Structure formats: structure tokens, C-alpha cells
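Participant: The structure under discussion is supplied below as C-alpha cells; questions concerning it will follow.
Each value in this text was obtained by applying a stated rule to the coordinates, not by laboratory testing. Not measured: the values here are computed from a predicted model. Here the Cβ positions follow ideal geometry from the backbone for every residue, glycine too, while neighbour counts run over all protein chains shown.
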Amino acid sequence: MGKDHNLLEELDKTTLPQHVAIIMDGNGRWAQKRLMPRFAGHKSGVNTVRAIVEASVQLGIKALTLFAFSSENWQRPQKEVDTLMDLFVSALEREVAQLHKNNVCLKFIGDRTVFSSKLQQRINESESLTAANSGLQLSIAANYGGKWDILQAVQKIAAKVKANELEPSDITVADIETYMCLADMPAPDLFIRTGGEQRISNFLIWQLAYTELYFTEVLWPDFDITAFIEAIKAYSGRQRRFGLTGEQVAKQGNA
Ligand code: FPP
């Protein structure tokens, strides 16, 4: 950790992203390259999760959102789904005390109702334990899909309209955002996808509207502090325009 610690210390803290969202891809290929079962890649991926969470805490990043299991991942072979579920339970049991000690506030986003009662129980316990923590907001997307997120917001708004509490023409973007996952935090500044694919894969499709996208070939188990720093530096070097011209943004910066 000593060398990594120094690397983190050297980063320019004034241009850090406040919220980082990550698709952790490449576990299976990492394992297959080593002639190991895919599960070994997921297990190794948990170590990367720990390292990136610790680095985010150390950097003072406000929010980290990780895509652990998509609504489409149920279609994988049953054995892989089962081992992933077991891994989530054991990772929660093992890691939550340390997260709490690090003042991390842990939340799960996605439809948790289909998980085993044991996993739901661990999720609920870890959320209650860490609810009052004021440090890193760590959101784990599990059985999450961006289209599902928009759908469940629309359903809640439709119920209000039906109850005559809201006129359809009065619905605003802010109203929709109130009902979406991650409503209580700013949109991600930086999106990272490991494993070489260049897709959003139904992750935070609404929330990523103005997010800077960063793709790397590095497989998730190999994504270390150096790779994380490289992504942060790439983000820091970009000019975020939110639809304005470069000149307008430069003027704002000077104001
Ligand atoms: C994608 O790699 C990864 C997943 C579907 C699972 C991600 C889970 C972890 C990193 C472990 C646990 C996480 C937490 C939060 C405890 P892939 O299997 O699609 O890899 P491939 O593209 O090489 O096949």
C-alpha cells in the first residue's frame, strides 16, 4: 500500500471527479487466461473492489457506484449465477465492518426482491449499519438496469397523476430524477468500463447523460491503483462543456 499511497497523494485534488461509476468487466476472461474457472475471476474481482473503494476513501471522492450484477446477468449459466450470489453474501459478511470503520455509507440499487432472503437480509443489515456514515457513498448496483430504473420512476409518477396529484404537463425532469435511483447525489462525473468493451450496457443510462466516459482494456481483476489514477488523470484533462462552447466554458472558469 505504501507505493500506492504515495501515488494517490500526488494526484491534483482540485480536479478530482466527485462521483465515479464503474462497470467491472473482464473477470471471466482474466480467469480463463489463467486456465481457472470463471468464478476465480469474480473472487479476484472482489479484491479489486476493496482496493478501489479504499483508494476512493483516501482520495476523498464523494460517491462510487459499482455495477455488480445486471438484470441481464440472470441469463448466465445457473452455476455462475449461484456462485456470484454466494460471493455477494460472503463479501458483505467479510467487508462490511471495515467499510463502516472507514465511514462508508453503503447502498444497493436495483430490484432486490428476487434475491434470496439471506442476501436481502445481509443487504438490509449493511445498509442500516452504515446509513449514518458521512464518508464515501458506495452504491452497489445489483439486479439493476437503467431501463428498469426509468420504468419504476415513471410508474411512481403515473400513480401521482392517477391520484390527481400531478398534471402530466407539469412533470419536470427534476420530478423524474426525484424517483430514480441515486436521486440524492450528483450524476457521475466519470464512468469507467474495464475489459475492453465500449458500451454502457443498460447501466445508469439516464444519469450518465453528461458523464465523461473512459474505457480501458485492463481486465477488472488487474485494475489497480495505477490504472485508477490513469483514469482519473484522463478525466482531469478533459473540458466538460455541458452543451456550451469551449469559449463559454473558459469564460465561466475565469469569472
Ligand atoms: C463482469 O465480468 C463481472 C460481473 C458480472 C460480476 C462483477 C462482480 C464482482 C467484481 C465481484 C463482487 C462485487 C462486489 C460488489 C462484492 P464478466 O464475467 O462479464 O467477465 P468477461 O466479460 O471476461 O466474461
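Participant: So if I restrict to the alpha-carbon atoms in the stretch 184-241, what is the Rg, and what is Dmax, the biggest pairwise distance, in Å?
Facilitator: Radius of gyration, then largest Cα-Cα span, for the stretch 184-241: 11.8, 33 Å.
Participant: Further question: Over the stretch 88-128, with a single point scatterer placed on each C-alpha, what log10 of the ratio I(q)/I(0) does the Debye formula yield at q = 0.14, 0.31 1/Å?
Facilitator: After summing over all Cα pairs, the log10 values are -0.29, -1.18.
Participant: Mind checking which helices in the chain clear 18 Å along their axis (Cα) and have mean Kyte-Doolittle hydropathy of -0.5 or more, DSSP H runs only? Please report the intermediate quantities before stating the final value.
Facilitator: On the way: long enough: 38-59 (31 Å, 0.16); 78-101 (35 Å, -0.22); 117-130 (20 Å, -1.21); 146-162 (24 Å, -0.05).
Those that pass (Cα extent of 18 Å or more, hydropathy at least -0.5) are 38-59, 78-101, 146-162.
Participant: Under 5 Å between amide H atoms, partner at least 5 residues away or on a different chain: which partners does residue 219 have, H built in plane at 1.01 Å?
Facilitator: Residues meeting the amide H criterion: 195.
Participant: Further question: Percent of Cα-Cα pairs more than 25 Å apart in the chain, please. Let's see the in-between values first.
Facilitator: On the way: 15459 of 32385 pairs.
Above the 25 Å cut-off, the chain has 48 percent of its Cα pairs.
Participant: Another one. Would you calculate, for the chain, the mean residue ellipticity at 222 nm contributed by helices, counting each DSSP H stretch of 4 or more residues as -39,500 (n - 2.57) and dividing by all residues, to the nearest 500?
Facilitator: Working: 9 runs with 119 residues, N = 255.
Mean residue ellipticity at 222 nm (helix-derived): -15000 deg cm²/dmol.
Participant: Now for a different question. For the stretch 150-255, what does the alpha-carbon gyration tensor say about shape, rounded, prolate or oblate, given a ≥ b ≥ c as the root eigenvalues, a/c under 1.5 as rounded, and a/b over b/c as prolate? Could the numbers behind the result be given before it?
Facilitator: Values: a/c = 3.32, a/b = 1.54, b/c = 2.16.
The shape class here is oblate.
Participant: Rounded, prolate or oblate: pick one for the stretch 34-158, where a ≥ b ≥ c are the square roots of the eigenvalues of its C-alpha gyration tensor, a/c under 1.5 means rounded, and failing that, prolate if a/b is larger than b/c, else oblate.
Facilitator: Numbers: a/c = 1.60, a/b = 1.04, b/c = 1.54.
It comes out oblate by the Cα gyration axes.
Participant: Which residue fluctuates the most in the chain, going by a Gaussian network model with Cα springs under 10 Å, if the choices are 91, 159, 131?
Facilitator: The residue with the greatest mean-square fluctuation here is 159.
Participant: Around residue 143, which amide H atoms from residues at least 5 apart in sequence, or from another chain, sit under 5 Å from its own amide H, with H modelled in the peptide plane?
Facilitator: Close amide H contacts, sequence-distant or interchain: 69, 70.
Participant: Which pairs break 30 Å Cα to Cα here: 79/147; 107/147; 101/147; 33/107; 101/156; 33/62?
Facilitator: 101/147; 33/107; 101/156; 33/62
Participant: Relative contact order for the chain: what percent, with Cα pairs under 8 Å and sequence separation of 6 or more?
Facilitator: Once divided by the residue count of the chain, the mean separation gives 27 percent.
Participant: Explain nothing, just the number: dipole magnitude of the chain about its Cα centre with +1 on each Lys and Arg Cβ and -1 on each Asp and Glu Cβ, in debye rounded to the nearest 20.
Facilitator: 440
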